Amino acid sequence: MSKRRRQTVGALMVAATLALSGCALVTRAGVALLYENAVLPAAQIVRDACYIAAPCNTADHTLDLYLPTQREWPVIVFVHGGGWDSGDKNYRAGSADVYANIGRYYATRGIGVAVINYRLQPRVQWSEQVDDVRAAVSWVRNNIAARGGRPDRMFLMGHSAGTHLAAMVALETTGAAPAARGVIAVSGAALDLADEATYRLGADRRYYEQRFRGSDAGVAWQRRASPISRVSAAAPPFLIMYATGESRALQHQSRLLHEALLAAGARSELVPVPGESHTRIVLALSHPRKVPAQAIVEFVERSAAKPIQSLQHTVGGIDSVAALAASGGRSARRRRPPATRVSMPGTVVHRVCPGIKTSSTLKFAEGSAMPGPMVVV
């Protein structure tokens, strides 16, 4: 192999090497090709607000607010991933402050954002993590109007483990008001812990047992800890996205939640995102030329502008976002995506996180906007 080719291959490998909460290794050079910094004046950022009544002795019960300049804006509460045992709202990958950039990006587009921390396992159980997310949502609802936001236009958004926690809160039927106007579920994990097909596809049963079983000697924990068990016709609208480069088990979990919502009579939009992995998709959430960021803005604007009851339901997802996904983010006429998945050509070697037994080598079809071999370790 020539020196120039080795350098090219090396650059491609680095470009796809992204760490999020312990799932992979990161380098500055790789992030530079995948990340676009969003700029927001410091006056529009509130850091480390305590969202519990008692004093915050640690950063676990704090959140950061990213505020638009206008009034009456919708707000997203973002819950980070990390396998339930790692992660932080201040996470940086090289020069990229990954989660803060999500806050800045949407605030510049008229959508407020609260990026939250929560307590991590094994110091607490999963149910206490749900309590933390619920407390953060309640704090935002009670305080965001004073800063110009609309508490009745609040959305919950999470990635991976964060999707699980956000969905558990959003699908609760107790309380005087719905937790959210809508939910943005990105590459969710543990959405249906009782699904045997997920384990046959490679999910590690012991990984999830360690995080959710507790003292339960039977299988009741699988339903108790699964957001899908809370799905009903009263569920808020969902925008569900997954990366076509992540594990089949995780893709399957997203599809299960989508299908359960539709079967219950709720509203759900499913958007497979080509050219991304389970970790890279997080950077795409705040990249203006990536499918996820465009889909989220459209979903929030449409859901916030109309009463939930009047949202038009389209089986299989909104055509405009589906067309964006099929075109790799380029503008396209409204149409359904082709049956064949669009993915990166070549081979992707990746350690899928969370809950996958081993590293795997997958071959994908042609048609991705991100050419060449990509490696995530």
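Taken together, the values in this text are just the output of simple stated rules run on the coordinates, not laboratory data. Since this is a predicted model, take the numbers as computed values, not measurements. Every residue, glycine among them, receives a Cβ derived from its backbone with ideal geometry; neighbour counts consider all protein chains shown.
Footprinting exposure proxy ranking of GLU36, GLU276, GLU246, fewest other C-beta atoms within 10 angstrom first, gives GLU36, GLU246, GLU276.
Report the convex hull volume per residue for region 29-343, counting only C-alpha atoms, in Å³.
That works out to 137 Å³ per residue.
Put in order of Cβ neighbour count within 10 Å, fewest first, the listed residues SER86, SER303, SER138 become SER138, SER86, SER303.
Karplus-based coupling profile of region 254-270, in residue order and whole Hz: 4, 5, 4, 5, 4, 5, 5, 5, 5, 5, 7, x, 8, 10, 8, 10, 10, with θ = phi - 60° in 6.51 cos²θ - 1.76 cosθ + 1.60 and x standing for Gly or Pro.
List THR69, THR163, THR198, THR62 from most exposed to least, where exposure is judged by having the fewest other Cβ atoms within 10 Å. Before the final figure, lay out the partial values.
Working: THR69 13, THR163 30, THR198 25, THR62 20.
Exposure proxy ranking, most exposed first: THR69, THR62, THR198, THR163.
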